[in-house]
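Here the structure is laid out as structure tokens; the discussion comes afterwards.
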Amino acid sequence: MHSLTRVASAMLMAAALVSGCSSSSNNKDGSSSGGPQPATKLVDLTPMERSQLCMQLSSNGSGAVSCPDAGAVPVAIGICTSIQPDCSATVSTLETCTTKLMADACDFKAYTADLATPECLVMQACTAVLCTGSLCFCSNNNALTQCQTSCKTFTKGLTVDCASCVAGVFSATLMCPDFTMLPSPYDQCAATCAAHGG
């Protein structure tokens, strides 16, 4: 049952994101040979550079990890299909998230935990999949609308610092969070998150 859940979860995320893994041709500073520097924002890359980065980060070009009990599992992390114009992620953010997800692709619990790490939260915000029904598991349509709308507003331009502060909201059992009234201790994140508009 867990392998079916793992495959379903990975496929849902892969529909919006394209997979990746760390490059095998890294320089001392962590940058890839001939590629953009780690501190380069993804929104500052040209379409050609983004395409090259996607190919470089793709898992043997397949975008999947082979798992013993689930076959090929798509790993969600990339920027090839689309990226939000307010995305704060850098090449390093993408590579960090990619490395975590690739390492844990065959372990559903670890993979799910990785999705709630600051770097992966930023990547999900950059690709507009963070504030979905799986986060906003609400009892009625009004609550669902409030959760998704407040989440999208809060995570617009999400930074790693802000994501570090509120990561627990995305990994906790808050069934239908209202990002305009986050409970303690996340209500203390306002100053950190204000810099990006959240």
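For the stretch 100-111, name all the residues that are free of Cβ contacts under 8 Å to residues at least 40 places away in the same chain and either β-branched (V, I, T) or outside any helix (DSSP H, G or I) (or both).
D104, D107
So which residues in the stretch 177-194 are within 21 Å of A128 (Cβ to Cβ) and open to solvent by 50 Å² or more (accessible area, probe 1.4 Å), if there are any at all?
Within the stretch 177-194, T180 is the sole residue that qualifies.
In this structure, is A76 modelled with pLDDT of 75 or more and open to solvent by less than 10 Å² (accessible area, probe 1.4 Å)? Can you show your working first?
Values: modelled with pLDDT of 75 or more: no; open to solvent by less than 10 Å² (accessible area, probe 1.4 Å): yes.
It is false that A76 is modelled with pLDDT of 75 or more and open to solvent by less than 10 Å² (accessible area, probe 1.4 Å).
Given C147, C193, C189, which one is part of a helix (DSSP H, G or I) and either modelled with pLDDT of 90 or more or in contact with a His (Cβ under 9 Å, 6 or more places away or on another chain) (or both)?
It is C147.
Is there any pair linking a residue in the stretch 112-123 that is outside any helix (DSSP H, G or I) to one that is open to solvent by 20 Å² or more (accessible area, probe 1.4 Å) and at pLDDT below 95, with Cβ under 7 Å and at least six apart or on different chains, and which?
A116/F170; A116/S171; T117/K100
Among the candidates A89, A128, A113, which residue alone is buried (at least 24 other Cβ atoms within 10 Å of the Cβ) and under 14 Å from the mean Cα position of the chain (by Cα)?
A89
Out of (1) closer than 20 Å to T96 by Cβ; (2) surrounded by fewer than 19 Cβ atoms within 10 Å (Cβ to Cβ); (3) hydroxyl-bearing (S, T, Y); (4) under 15 Å from the mean Cα position of the chain (by Cα), the odd one out for S134 is which?
Single failed check for S134: (1).
Can you confirm whether the stretch 139-150 contains a residue that is open to solvent by less than 50 Å² (accessible area, probe 1.4 Å), touching a residue at least 24 places away in the same chain (Cβ under 8 Å) and not hydrophobic (A, V, I, L, M, F, W, C)?
Yes: one or more hits.
Any idea which residue in the stretch 48-60 is modelled with the highest pLDDT, counting only those that are open to solvent by less than 60 Å² (accessible area, probe 1.4 Å) and part of a loop (DSSP other than H, G, I, E, B)?
Step by step, filter the stretch 48-60, then rank; the result is S58.
The values are calculated or read from the model by the stated rules, or taken from the named source; none is laboratory data. Every value quoted in this text rests on a predicted model; they were computed, and no experiment measured them. Every residue, glycine as well, gets a Cβ built from its backbone with ideal geometry; the counts of neighbours run over all protein chains shown. For accessibility, only protein heavy atoms count, side chains too; no ligands or nucleic acids. Shrake-Rupley method; radii C 1.70, N 1.55, O 1.52, S 1.80 Å.
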